[in-house]
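The structure appears right after this line, and notes come after that.
Any read-out appearing in this document is the output of simple, stated calculations on the displayed coordinates, not a laboratory observation. Just so you know, these numbers come straight off a predicted model, no measurement behind them. Here Cβ is always computed from backbone atoms with ideal geometry, including for glycine, and neighbour counts include all displayed protein chains.
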Amino acid sequence: MANPVPIVDYLVLDGPGEGGVPQYRAHLVANECAGCGARYFDRRNACANAECAGTDFAKVPVATSGEVKAFSIVAFAAPGIPVPFVAALVDCEGTSVRGNLINVDPDPEHVSLGMKVRLATYPLGTDSAGTEAVGFGFEPLSN
Amino acid sequence: MPNADGVWILGITMTRFGKHPDKDVVDLAADAALGALGDAGVKMKDMGVLAAGNLLGGGLGVGQQLQKQIGQTGIPVYNVANACATGATALRTAVMAVKAGECDFGLAVGVEKLAGAGLLAGKDRKADADTWTPQGRYGAVASVDGRIGTETMPGVFAQIGMEYGHRYGGTSFELFARIAEKNHAHSTLNPLAAYQKRFTVDEIMNDVMIAYPNTRSMCSANCDGAAAAVVVSGSKLKTLSLEQQRRAVKISASVLTTDPWEEACQVLPNVNTLTRNAAVQAYEQAGIGPEDLDLVELHDCFATAELVHYDNLMLCKEGGAVDFFESGATWRDGTTPVNVSGGLESKGHPIAATGIANIWEVCHHLRGEAGDRQIDNAKVGLAHVIGLGSACGVHVLERAAV
């Protein structure tokens, strides 16, 4: 079977988790500007920090746990997108990351500002070549 | 020669916002443009520049299409697009041409047909590809909307309001609902608003949930509409009739900003810094402080957005937006009335028209022509819009001294 592929290139799969499939041990990587330390998740042409404008970047690992800085429980989305889901902004030790909150009930009683979360993966499905794709989100730390 | 006598609004109008099934984009733009020209007491042949915005029409050059209906005079046309700040960008383009001394009169128009458009931003999710193939700047093998956060505006702006709550505390679902309650209450006095119905806090909180904590009645209303303004140089204004001079409104500040880079700004849009930067520049240009404002029209695309802009526009002390709202300051009988038009949540948000319509609202009060919803003796007002991406327009307007 082919190696699984991550949903985006900044998700790095480190192998099967202790709990077995479908959980993978994983972490996120950022493109860090060599000049000013600004972090980005997309392919870069240059640094957007006007004070810097550097063009050298290095891949750096992002902390796999963090704190929810903002969230919304999205109940209405474009056709084909299952709802409800929790969209969130997570502060991973100084690096802000966008991701869904997963393995938690999507309601205001179970999701709160400041809650501690950690990176988690889930299967997206298998393509015609039998390759599995893996998504990520953040789950409550105290599960 | 740059024009040193300032730039004034000579005429301005907005169509009713709502459903206009019998009119197309050009009809609505023509209604607004001809209305503004009539209000100004000038003609298309007097205009030296036309700036026009229509964000979602998909057509080519709404400015030229408009000229073909109301007057092809050979003047330069700038078709502009800047998300929800498109109207303010069109106005600012006309203002810059007059300020630069290129012409004495300019016309700015914003128009949108959005009735029934539903949820904006966020594309339908197609079936995943046959084989996982990385694409785009994130090397994504599948659609990320709904899998890695949300692309929808109600969800993005919900997070923006929640982030403010995380930083300063004091926010709640009910607080955001009460902001919407205020704007819907204000809308009952505005005959041009798409919705003119008052709602109770319970009704708002129990309305259809779109993206917690924003229910449907806490979201801006998609609708059709247009707005247009005629601007004139200060030196030309002095040659016009006393009546034109009396009704002219001074543009004391016209500012457009984008967001400077900060940590996280490419992860969740930061609508705060560029608004604060625009406000700082505008107050400095106008020589006016937030405490001098008699009314403010700010970009309440969602109830969660209105709260953060109290702070960003420095209507309250930093971190004090919740207390400021709780004090009643932003109701129409408060110390700083905000969105007495009903705001985008009830007046409606035909995107490219919004950034001129909010200026029309302020001018209407400064001219003493706002009827039942007139803010007594209004002398100074501020209009703010923000388009995600991002662009922020702030205009400070003053009543004529004549």
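Cα to Cα, under 18 Å, and not fewer than 8 places away if on the same chain: which lysines meet these conditions relative to A:Lys69?
Within the straight-line limit of under 18 Å, A:Lys69 reaches these lysines: A:Lys116.
Charges on Cβ only, +1 for Lys and Arg, -1 for Asp and Glu, centred on the Cα centroid of region B:155-212; of B:Ala180, B:Ala193, B:Ala211, which one is farthest towards the dipole's positive end?
The Cα lying farthest towards the positive end belongs to B:Ala193.
Any chance you could get the radius of gyration and Dmax over the Cα atoms of the protein assembly as shown, in Å?
Looking at the protein assembly as shown, its Cα Rg and Dmax stand at 24.5, 84 Å.
What ³J(HN,Hα) values, in whole Hz, does the Karplus curve 6.51 cos²θ - 1.76 cosθ + 1.60 give for region A:106-117 when θ = phi - 60°, with x put for Gly and Pro?
Whole-Hz 3J(HN,Hα) from phi for region A:106-117: x, 9, x, 6, 10, 10, 8, 5, x, 5, 8, 9.
Once you charge only the Cβ atoms, +1 for Lys and Arg and -1 for Asp and Glu, what is the size of the charge dipole of chain B about its Cα centre, to the nearest 20 debye? Don't skip to the answer; put the middle values down first.
On the way: 33 positive and 44 negative charges, 197 e Å.
It works out to roughly 940 debye.
Can you give the angle from 0 to 90° between the axis of helix B:25-40 and the longest principal axis of chain B, with both taken from C-alpha atoms, to the nearest 10?
Taking the Cα atoms of chain B, the angle to B:25-40 is about 40 degrees.
Please find, in a Gaussian network model of chain A (springs between Cα atoms separated by less than 10 Å), the residue of A:Pro79, A:Pro61, A:Pro106 whose mean-square fluctuation is greatest.
A:Pro79
Cα axis of helix B:272-286 to longest principal axis of chain B: angle in degrees, 0 to 90, nearest 10?
Once rounded, the angle reads 20 degrees.
Please list, ordered by chain and number, the residues whose modelled amide H lies under 5 Å from the amide H of A:Ala70; skip anything fewer than 5 residues away on the same chain.
Here the answer is A:Leu89, since their amide H atoms fall under 5 Å of that of A:Ala70.
Could you list which residues have their amide H under 5 Å from that of B:Ala253, counting only those 5 or more apart in sequence or on another chain, with H placed in the peptide plane?
Sorted by chain and number, the residues that satisfy this are B:Val396.
List every residue whose amide H lies under 5 Å from the amide H of B:Lys23, counting only residues 5 or more places away in sequence or on a different chain, with H placed 1.01 Å from N in the peptide plane.
Close amide H contacts, sequence-distant or interchain: none at all.
Counting only Cα, what are the radius of gyration and maximum Cα-Cα distance Dmax of region B:96-166, in Å?
For region B:96-166, the Cα-based Rg and Dmax read 20.5, 60 Å.
Size of region A:5-140 along its principal axes in angstrom, Cα-based, largest extent first?
If we take the Cα atoms of region A:5-140, the spans are 42, 39, 33 Å.
With the cut-off at 24 Å, tell me which of the pairs B:Lys43/B:Lys236; B:Lys236/B:Lys347; B:Lys45/B:Lys68; B:Lys68/B:Lys113 have Cα atoms farther apart than that. If you can, show how the numbers build up before the last one.
Values: B:Lys43/B:Lys236 15 Å; B:Lys236/B:Lys347 34 Å; B:Lys45/B:Lys68 13 Å; B:Lys68/B:Lys113 19 Å.
The pairs that break the limit, which is 24 Å between Cα atoms, are B:Lys236/B:Lys347.
Using the Karplus equation 6.51 cos²θ - 1.76 cosθ + 1.60 (θ = phi - 60°), what ³J(HN,Hα) coupling, rounded to whole Hz, does each residue of region B:296-313 give in order, writing x for Gly and Pro?
Whole-Hz 3J(HN,Hα) from phi for region B:296-313: 9, 10, 10, 7, 8, 4, 9, 4, 5, 7, 4, 4, 5, 7, 4, 6, 4, 8.
I'd like the orientation of helix B:351-366 relative to chain B: the angle between its Cα long axis and the longest Cα principal axis, in ° from 0 to 90, rounded to 10.
50
Please report, in debye to the nearest 20, how large the charge dipole of region A:5-140 is about its Cα centre when each Lys and Arg carries +1 at its beta carbon and each Asp and Glu carries -1 there. Kindly include the intermediate steps, with their values, before the conclusion.
Numbers: 9 positive and 16 negative charges, 45 e Å.
Here region A:5-140 has a charge dipole of around 220 debye.
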